[in-house]
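What follows is calculated from the coordinates using simple rules that are stated; it is not laboratory data. Everything quoted here is computed from the prediction, not taken from an experiment. All Cβ positions, even for glycine, are placed from backbone atoms using ideal geometry, and neighbour counts span all protein chains on display.
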Amino acid sequence: MTRGLRADELAANIGQEVALSEWILVDQARVQAFADVTGDHQFIHVDAEKAAAGPFGTTIAHGFLTLSLLAGEFMTHGGAPHIEGAQMTVNYGLNRVRFITPVRVGSRLRNRAVLQAADPGAGHLQITVLNTIEIEGEQRPAATAESVFRVYV
């Protein structure tokens, strides 16, 4: 569920939740595809038998796979703020990323986005959003990350 905000409403919404995505399944096929694209075939991600004997008891998603959902799945499934009238929104960077809890294959994740800052620039707004990537049924999140976007209105 994304709240549509006008650019002139951003300052009044700092500290507020501005988006909550749908749950996204992280299955072994997604993890394998990510491993194939990145070349990271560490056993904890792709070898179910070996991973079962490891510290997590099963295969887990790559931390960077979890992070990459911010640019894809969560953006298209309601997990990013929507600025009404924006011509374009681009990723500008990340300020801080922490991988807190391993994501076991078969888990579902969602993103909770809280607006941290909204600063005017030359022809754009720069917004900072604190993302908390939650794991269904877990107390601690999979990850947190501050995303910085440039919004061209």
Point to revise | Inter-site label distance for Ala48 and Arg6 at 7 Å from Cα along Cβ, in nm | key: 5.3 nm
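Over the residues of segment 102-147, compute the C-alpha Rg and express it relative to 2.2 N^0.38 Å.
So the Cα radius of gyration is 1.50 times the expected 2.2 N^0.38 Å.
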Point to revise | Cα-based Rg of segment 46-153 normalised by 2.2 N^0.38 Å, two decimals | key: 1.23
Practice item. For the chain, give the share of DSSP beta bridges that are antiparallel, in percent and rounded to the nearest 5; count only bridges with both residues there. Key: 90 percent
Practice item. Whole Å is fine, so just give me how far the alpha carbon centre of segment 18-33 lies from that of segment 116-142. Key: 17 Å
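In the chain, which longest range has no GluC sites (Glu not before Pro) that are both DSSP loop (not H, G, I, E or B) and surrounded by at most 15 other Cβ atoms within 10 Å?
Details: sites that count: Glu22, Glu136, Glu138.
For GluC sites (Glu not before Pro) (loop position, at most 15 other Cβ atoms within 10 Å), the longest site-free span of the chain is 23-135.
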Exercise for review: Figure the gain on full extension for Arg30 and Val97 (residue separation times 0.36 nm, minus the Cα-Cα span) and round it to one decimal in nm.
Suggested key: 22.0 nm
Check your understanding: Relative to the longest principal Cα axis of the chain, at what angle does helix 28-38 sit, 0 to 90 degrees, rounded to 10?
Key -> 80 degrees
**Study point:** Extended-chain gain in nm, criterion 0.36 nm per residue less alpha-carbon gap, Thr76 and Ala122
**Key:** 13.8 nm
Practice item. Quick one: dipole size for the chain, taken about the Cα centre, charges +1 on Lys/Arg Cβ and -1 on Asp/Glu Cβ, in debye to the nearest 20. Key: 180 debye
**Study point:** Positive-end extreme of charge dipole, segment 11-128 - chosen from Gln28, Gly72, Val90 (charges on Cβ)
**Key:** Gln28
